[in-house]
Amino acid sequence: MRGCRAVVAALVLALVATGAKAGSEAHSFSAAGLAKVSDYVRNEVATGKIPGAILLLQQHGKPVYFESFGVRDIATELSMSPDTIFRLYSMSKPITTVIAMMLVEEGKLALSDPVSKYVPPFAKMKVGVERRGEDGKTVMTQEPLKRPVTIEDLMRHTAGLPYGYYGGGIVNKDYADAGLFNNDPDNTEFVARLTALPLAEQPGTQWDYGHSTDVLGRVIEVITGNSLFQVEKERLLGPLGMNETAFYVTDPAKWPLIAEPMPKDRTISPVADIRDPRRLLRWESGGGGMVGTIGDYARFSQMLLNGGSYQGKRYLKPETIALMASDHIGPETGVVRDKNYYPGPNSGFGLGLAVRTSVPENTNWPLGEYRWDGVGGTFFFIDPADDLFGIFMVQTPSQRGRIQQELKTLIYQAMGR
């Protein structure tokens, strides 16, 4: 580690080692500030922007705020409750990355490994380059890789594997048109389809959000010889007590627990609507396929905040958590940030997580806070400096960015930050 990455990693490791235990420097919440948080979410429900939501703020290992608002589905009018099941989408990525980092600690995987070691077709992938032809039209040529795609590239989204939304250039259109999800592929088939496409950029050159963590899930399967869910259930979900976290809701008795967005708020991208977790498919998307409850994700978050341990069992070393929560795309890496750089101007990106590297203007928000969210509206953040984590569960693809920013602002204001 060098430069910004080393500084942030050292900061996070120091906070893990001291702050979470002592909490002497932690900011505390005001009752008036938390009342404003409640008023905000209540107004979102009352004005019909969302059906309902749940917010948990847990500090020093205990909930300091835990409220449910509205209903989980306006069609059933069933109240939002702690056992409500949410589509986590990209909040699946930190879970998959933790499993991969367990394999790193065990010496079965290395961040520097070429992905082709586990998925051989990656060695023959090309990079799609757009050029203007003689007729003035944009055409794509393919160039060889300048270096292999690595495991670190998968974790930090520098592998050149986009999600493939229309309007993002020829390579993105190829991904959108490729029928990647046709005929119910499993992870093996899905990744094979990806490797038949060109990469959008040379490895390690640009942060480009996409299917990297899905490929990481397949790597986990290759190393372990089991399905991604089997590995996650055995190594992490089961031991942590995350019993409602899975890729699908297979028990019909639990279907009424599934939170739904407003009827006209079901589009997650130009090419997809919000998925139905009742429909059992073969694909186990390590990058965006999981569902779960707020209680389950709280156990996962507390484990991260604790530096890799929970209720006497260690899952990762503190140094590994610090590495995940350090910036791996800082200026010294030369990585370019694409136009849709979701972490925002005050954050870098670590291994499966965004991490705050500078303080937003007119705030004293903590450095070293790490987090991620999902396209369905859910988000979580871990604030080691305040020995705090927060989880907001909601299903609203269209309002997610606005709500996350406004709600995070109110939460930190309630702490005097």
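The values are calculated or read from the model by the stated rules, or taken from the named source; none is laboratory data. Here the structure is a predicted model, which means the values were calculated and not measured. Cβ sites come from the backbone with ideal geometry, for glycine too, and all protein chains shown count toward neighbours. Protein only, heavy atoms only, side chains kept; ligands, DNA and RNA dropped before computing areas. Shrake-Rupley method; radii C 1.70, N 1.55, O 1.52, S 1.80 Å.
Summary of computed values
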read-out: First in the stretch 264-276 and more than 17 Å from D73 (Cβ to Cβ), second anywhere and surrounded by fewer than 13 Cβ atoms within 10 Å (Cβ to Cβ), Cβ under 6 Å, 6 or more apart; value: T267/D273
read-out: Single condition K233 does not satisfy, out of (1) out of contact with any helix residue (DSSP H, G or I) (no Cβ under 6 Å at 6 or more places or on another chain); (2) at pLDDT below 95; (3) not acidic (D, E); value: (2)
read-out: Positions within the stretch 83-95 being open to solvent by less than 10 Å² (accessible area, probe 1.4 Å) and either over 9 Å from the mean Cα position of the chain (by Cα) or of a type in the set (D, E) (or both), in sequence order; value: T84, I85, F86, R87
read-out: Residue in the stretch 51-72 that is buried (at least 19 other Cβ atoms within 10 Å of the Cβ) and in a helix (DSSP H, G or I) present; value: no
read-out: Test: L236 is buried (at least 17 other Cβ atoms within 10 Å of the Cβ), not aromatic (F, W, Y) and not in a helix (DSSP H, G or I); value: no
read-out: Any hit, the stretch 137-146, residues being touching a strand residue (DSSP E or B) at 6+ places or on another chain (Cβ under 8 Å) and within 26 Å of G374 (Cβ to Cβ); value: no
read-out: Hits in the stretch 385-417 - residues which are over 18 Å from the mean Cα position of the chain (by Cα) and either surrounded by 23 or more Cβ atoms within 10 Å (Cβ to Cβ) or not small (G, A, S) (or both); value: D386, D387, L388, E406, L407, T409, L410, I411, Y412, Q413, M415, R417
read-out: Residues within the stretch 30-50 that are in a helix (DSSP H, G or I) and in contact with a helix residue (DSSP H, G or I) (Cβ under 8 Å, 6 or more places away or on another chain), tallied; value: 6
read-out: Residue satisfying all of: in the stretch 149-197; out of contact with any Pro (no Cβ under 9 Å at 6 or more places or on another chain), open to solvent by less than 10 Å² (accessible area, probe 1.4 Å) and assigned to a loop (DSSP other than H, G, I, E, B); farthest from G225 (Cα to Cα) among these; value: G164
read-out: Residue check for V45: open to solvent by 20 Å² or more (accessible area, probe 1.4 Å), at pLDDT 95 or above and closer than 28 Å to R278 by Cα; value: yes
